[in-house]
1. Per the Cauchy relation, a quarter of the hull surface: what is the mean projected area of the convex hull of the alpha carbons in the protein assembly as shown, in nm²?
2. With point charges of +1 on the Cβ of Lys and Arg and -1 on the Cβ of Asp and Glu, referenced to the Cα centre of the protein assembly as shown, which listed residue (B:N269, B:W435, B:N55) lies farthest in the positive direction of the dipole?
3. Any idea how far the Cα center of the range B:55-85 sits from the one of the range B:517-534, in Å?
4. Tell me, how many Å apart are the Cα centres for the range B:577-633 and for the range B:259-319?
5. Test of understanding: express the Cα radius of gyration of the range A:2-456 as a ratio to 2.2 N^0.38 Å, with N the residue count.
6. Would you work out which of B:Q485, B:P372, B:I400 lies farthest towards the positive end of the dipole of the range B:330-538? Charges go on Cβ: Lys and Arg +1, Asp and Glu -1.
7. Identify, among A:L34, A:G390, A:I82, the residue whose Cα sits farthest towards the positive end of the charge dipole of the range A:2-456, taking +1 on the Cβ of Lys and Arg and -1 on the Cβ of Asp and Glu, with the dipole about the Cα centre.
8. What's the FRET efficiency of B:K584 with B:D559 using the Cβ-Cβ distance as r and R₀ = 41 Å, to the nearest 0.05?
Amino acid sequence: MKAIIALSILAVLNMFFGVRKMKKVLLPLIFIGLIITMILNISDWGKSVHYFNEMFIADNFSIAFSSVLILIGILIFMFANIYYKGVERPLEDIYALILFAIIGGIVMASFGNLILFFVGLETLSISFYVLAGSKKFDIASNEAAMKYFLTGSFATGFLLFGIALVYGVSGSFNLEAINTYILGCNGNVPMIFIAGMLLIFIGMSFKIAAVPFHFWSPDVYTGSPTLITAFMTTAGKVASIAAFYRLITIAFISLHSELTTTLTVIAVLTIIVGNLSAVYQDNLKRMFAYSGVAQSGYLLMALIVLGPKSAGILLFFVLSYVIATITAFAVLMLIREERGTFFIPAFRGLAKNNPVEAFAMAIAMMSLAGIPPLAGFMAKYNLFVLTAEGGYTWLVVVAVIGSMISIYFYFKPILASYFSEGEPQHKIESSVNFKINILVLSILMILLGFLPQVIINLL
Amino acid sequence: MFEYIWLVPLFPLIGFLVIFFNFRRLKGVTAGVLASIMVFIPFVISLFFFFGLMNGAEAKTVELFSWISFNKLSIPFSFLIDRLSGLMLLIVTGVGFLIHVYSIGYMKEDAGFNRFFSYMNLFVFFMLLLVLGSNYLILFIGWEGVGLCSYLLIGFWFKNQEFNNAAKKAFIMNRIGDLGFLLALFMLIHQFGTLNFAEIFSKSSAIPVGTFSITMITLLLFAGAVGKSAQIPLFTWLPDAMAGPTPVSALIHAATMVTAGVYMVARSNLLFVLAPVTLMTISVIGIATALMAGSIALFQNDIKKILAYSTVSQLGLMFVALGSGAFTGAMFHLTTHAFFKALLFLAAGSVIHALHGEQDIRKMGGLKDRIPVTFWLFIIGSLAISGIPPFAGFFSKDMILIGAFHSGYVLWVLSVAAALMTAFYMFRLLFIVFWGKAAVAADPKHPVHESPKSMTIPMSVLAVLSIIGGFIGVPALLGGSDRIQVFLAPLFSSSEAFLKHGAEVSESSEILLMTIPLLLILGVIFLAWSFYVKNRNIEQEEPERSFLGNLLYRKFYVDELYDTIVQKPVAGLSTFFHDTIEVKVIDRFVNQTGNLVVWIGKNIRYMQTGNVGAYLFFMVISIILILVLNLFK
């Protein structure tokens, strides 16, 4: 709760300084604000405070996922000056929208009531719609925003309808009360309630871009400004999966067995279609969109099994995903800035002229592909072990096959930067600051690979 | 005191790292001096340890850290210091140090001076690991490490393709043995659930003699020893290994690495006594190797090859001792052999050095007066290896022969025959090289010269050791107290007692066992003298040889045999595997799978039409499907 208040104040202050054209103040202000927010957020650790009549619950789970969201904010703003290099405008509107989206994400990780859940979801989504179109004079950006808005509102409609049905049957928006209602039915839950629940899950599947509700994501992620794509693909996924987990484990835990078949089918489709579609992409941005789809499939596995360590593994998985994705996007932005393209040949000979960038990119891609001993490997490893222990061995087989396919496309930029034969591209100038940032992130990915239990055992 | 045992391997490791990473920067003999110091310090430490052990210090296992631990298997990274490893430490660091010092003079002119010393220090490091390991895995690391260094040093002059081939041959033949060793490790884990010596040996006492698994384990361990210690059928690499610089031959291929097999079997004596079949095998292979290599050495003309075959033959005798349960005899001979064979190699190196690289003994001769120091050292070495009292070889060979006698007359007779061959080929070598007239006129530009002090002093030390080294094992019969037997008793006495067959040899027959071989050896030396000094019967050209002579000269055609029965079929098989199985089956399958994935990827993207209406249509269909399938099941 403190985090939301701090962030709101920060966003308003940011708008104020922006209107006064104090461009130089903005980024430092935001960094300080985000760090304060992070501290305030963590200060509630272990207390499990309930606010506003069970509307908002700050338990360890929500604090952990909120921290990841705030971390995403810090990382995104870290690379904002690379992306918006040469823009005169203070950009306070975009910054504010990013901050508001984070607020929405935190609400999605902390709700205790379906109304607040919906409010958080819409805060996040509407910020995203606008952010996707924030490159006003770019037709692709406009198209992305429009597509996102149309399909998004369509999915939101179903989601809201689902909430209404659940409320109509159970008589409450409160998650605990809904669970009590289900238990009271003694196995005879009305069909209309189940329909409502399924509609909510369909809405969530849309948000995490699970197949067959993923169609928006490649188009939107390709068209949006790159920095925003990095933000949406990470923050959107973290917030949505946290919300999904809360819904399943608190409100609908008693009906979990009814859902596993549907969720499993969706997870398998997501892993296979996501990875296979990414194979043919030479446009890295688009490839990331598809690989993000596949990653959602892995995340769903944790929701299917719900073992004792599900939450911790989920947290570790999103953390390693966030760090790797943002590192990769940072390098991608730099390259696009210089070479004007997102295609693989832009990486040719990168290792020779820009060893630090090539190294960070390689670490990020290998982490995403799940190469030991990096963080991404430990995340997948723990997740797969959890799934296998839960009795879903064949699901693990599918996931491993998916991972194998993913190596093909994740290694394309690595191969291009280290082993390509052709004439290497010219050197890209980048600031020492940038180099240090991506190096720190790379080291973090290596370090997390050795200490996964530190994160997993938090929850 | 023993807690600091980790210092012993640490110094050569530091030496290796420092020299290896600065090998372009170190000038002059700096690297050689540094490397020698890095072996000398562990030698001093080892001396302290050794005297501690002699004064009755308890054996100790020093655990550095827990290394591998999963399930019930736990393998610590730990060292074992007891009387056996203490003795080996002294040999490795002592002889190693002397050879390092010698190499400073020997390798001075070589462009790869720094590289040479970095490898040498690395070798000493791995050899110390091998000797100090308190479990089979650490031993195995050292075992593989010394194999690597051996490979690097045989192919030290890598511009010569033949030398490279020799290096590869050594490595591959060792790998064959190592496979056996590795399988033995797995079987040990299966059988005992551990690889630690202490646990295995204490558990083994409960196992009855001759069980299948122990026989298999010991046979496989012995297979490893066969590779490393160059026994039949894996012995052909050692003569070829002479391609390396001579100090390498002295250190690795005579004094230390090749004796690792003997050390390993001796270390595992409590296992081997449980497998009579294995002991029998060891004896048979040992004596066969000793005779075969000894007879080949009779007809060779390359000074280093003769010494190499001699090493193979002596190692064979050590295995005879091991097979007959005379573990102390094997270790004793290992020790004295390290002294006199290192001496002989270094002296041979000195001869080669004096003659600017000449290795063919037919082109030598009359060196007695021109390099007198080397000459006298060579004589000492030859007397020692031939088993003339009071030189070191006499006592250790005597112990082996008595051990062989315990196993049966046949083994004894054959062992004596091997010893006679030793005397003949050594004195043939000695007489041809140092007596007579110089076969080739001396080149005035490159006069024959005595080696520098840095080479002669280490040799002299080894010569002294070759003279007095045997006194640690003077048998009671000659008024000695057989100190090595007493020293190693904690390790071997139970095994040796376990194997004692029948009655003790009486004193009178022991005298006979000692004098008969001695008289025969003296006769053989006289024979060699009359051949090569009195009549100076040296063929400069390729002589007409009898069938047997040719067989020996051509080394029993073993290399050719292996080429036909192993190398060619294997090469043919691997060509088949590559051209047919690999390219036509596996590659095609793998590539088609990849192509299929890419093809699906290519086509699946057409689902992504870019048309929002189509997306919504897909979504609605999916929603309906989900609702229907879930609600009306």
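Bear in mind that the values in this text are calculations on the coordinates, not laboratory data. Just so you know, these numbers come straight off a predicted model, no measurement behind them. Glycine also receives a Cβ, built like all others from the backbone with ideal geometry; neighbour counts cover every protein chain displayed.
1. Numbers: hull surface 214.5 nm².
The Cα convex hull of the protein assembly as shown, projected and averaged over all directions, gives 53.6 nm².
2. Positive-most Cα among the choices belongs to B:W435.
3. Taking the Cα centre of each part, the range B:55-85 and the range B:517-534 sit 50 Å apart.
4. Result: 64 Å between the Cα centres.
5. On the way: Rg = 21.2 Å, N = 455, 2.2 N^0.38 = 22.5 Å.
Against the empirical 2.2 N^0.38 Å value, I get 0.94 for the range A:2-456.
6. Ranked along the dipole, the leading option is B:P372.
7. A:I82
8. Numbers: r = 34 Å, r/R0 = 0.83.
Calculated transfer efficiency: 0.75.
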